[in-house]
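Below is one structure, written out as structure tokens, with a few remarks after it.
The values are calculated or read from the model by the stated rules, or taken from the named source; none is laboratory data. This structure is a prediction, so every number in the text was calculated from the model and none was measured. We place every Cβ from the backbone using ideal geometry, glycine too, and count neighbours over all the protein chains shown. For accessibility, only protein heavy atoms count, side chains too; no ligands or nucleic acids. Shrake-Rupley method; radii C 1.70, N 1.55, O 1.52, S 1.80 Å.
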Amino acid sequence: MPLKFRKVIIADERFESAGVFDVNNDGILDIVCGEWWYEGPDFKKRHRIGAVQAVGEYYDDFSNIPMDINGDGWTDYVTGGWWGDTLRWRENPGDSSKEWQEHIIAHVGNVETTRAWDVDGDGRLEIIPNTPGGPVKIFKLVTDAAGKGTGEFTVHTVFPHAQGHGLGFGDVTGNGRGDIILSGGWLEAPEKPYDEEWVFHPDFNFGAASVPILVVDVNGDGVNDLIVGAGHNYGLDWYEQQIDSVGNRSWKRHPIDPYNAQYHDLQWADIDGDGAPELITGKRHRAHCGNDPGEWDDVGTYYFKWNGESFSKQIIDYGPIRTGTGCGIFFQLADLRGTGRLDLVAPGKDGLYLFLNEGL
């Protein structure tokens, strides 16, 4: 049976990214989105973060990655956007009456969105912005002897060419190291990721792909595959990794949902509690302000369950624009009520919504 969700509107705002973390150190998760943070557990009281640059229908805020960057015990977050050309972090002041100071990490060019992965295997997240026209750069937080953030980052360029629209991370080869997936191929991780060369394999061309491109073992054969959304077109597919008897690698495309568009953000998590992960995603409403294929189609958020042969689609929400809801460029899954079930926080140009997971 499909899961049941209860839809709650948090704010009628146009911010496309949201983060979930404990802002005020009270042990309760809060929602951070655009110029505001919303206090848990009911998210009705909001507090000002600060101004975000507005450009047409967009805001220059395409991620909310939580990290205690300056080591003061209060969780900050990393963001970046297309127009500011910068990777930035917002400093949590530890006082709900104060605005959050913004700090520039680096000038990196247009940022499609930003993600965080443990690239070097030290248990800490590194930051990688998807800058379609720029190189692949890894930003590592500098920590002190006690392991606390210092407010500074080191930068490591691992691919000097334009990376394209789309970014993922995971172990393609099965050697235990995380590789980087781009829209036009993948970068094989060396043993020392900051000191040795990453080898580029131009195995595919996904076009304007999702961020992230998921690296997961879809069919349970012990080899990781790729799940790719079309961020600005129709399509959602998985690519089966196949290795022949002499070690040649190929990728076999399997459609998941070719009839919906703007699958820009994807997550792989156990949303129904059966011990196996599902694919959770949805449409990014007005991704290119009405100019993408399928832009005016009905809007939806879904989860796809692997049935052993293919993915079965389950609807979380669907309907005409301003009735159905998508999930923006950076959505969140979190157990917001202590039920043991993952709820979904869905930002977008049509508002900030919460889908409460009520189970079966």
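Descriptive notes on the structure:
- Residues in segment 281-327 that are farther than 25 Å from Leu226 by Cβ, in a strand (DSSP E or B) and either charged (D, E, K, R) or modelled with pLDDT of 95 or more (or both): Val299, Asp317, Tyr318, Gly319, Gly324.
- Among the residues here, Ala145 qualifies as open to solvent by 50 Å² or more (accessible area, probe 1.4 Å) and either touching a Pro at 6+ places or on another chain (Cβ under 6 Å) or farther than 24 Å from Ala106 by Cβ (or both).
- The single condition among (1) surrounded by 18 or more Cβ atoms within 10 Å (Cβ to Cβ); (2) under 19 Å from the mean Cα position of the chain (by Cα) that Ile49 does not meet is (2).
- Among the residues making up segment 148-164, those that are open to solvent by 70 Å² or more (accessible area, probe 1.4 Å) and over 14 Å from Arg88 (Cα atoms) are Lys148, Thr157, Pro160, His161.
- Residues of segment 291-314 satisfying the condition of being open to solvent by less than 20 Å² (accessible area, probe 1.4 Å) and on the phi > 0 side of the Ramachandran plot: Gly294
- Among the residues of segment 117-134, those that are open to solvent by 20 Å² or more (accessible area, probe 1.4 Å) and closer than 15 Å to Pro193 by Cβ comprise Trp117, Asp118, Asp120, Gly121, Asp122, Gly123, Arg124, Leu125.
- When segment 89-139 is filtered for residues that are within 24 Å of Leu187 (Cβ to Cβ), of a type in the set (D, E, K, R) and more than 16 Å from the chain's Cα centre (by Cα), the ones remaining, listed by number, are Asp120, Asp122, Arg124, Lys137.
- The C-beta contact set for segment 290-304 (first residue within 19 Å of Gly207 (Cα to Cα), second residue small (Gly, Ala, Ser), distance under 7 angstrom, 6+ apart or interchain) comprises Asp292/Ala261; Pro293/Ala261; Gly294/Ala261.
- Leading residue by the ranking (surrounded by the most Cβ atoms within 10 Å (Cβ to Cβ)) among those in segment 67-88 that are more than 16 Å from the chain's Cα centre (by Cα) and aromatic (Phe, Trp, Tyr): Trp74
- For segment 203-254, a tally of residues being free of Cβ contacts under 8 Å to residues at least 60 places away in the same chain, surrounded by fewer than 19 Cβ atoms within 10 Å (Cβ to Cβ) and among the hydroxyl-bearing types (Ser, Thr, Tyr) returns 2.
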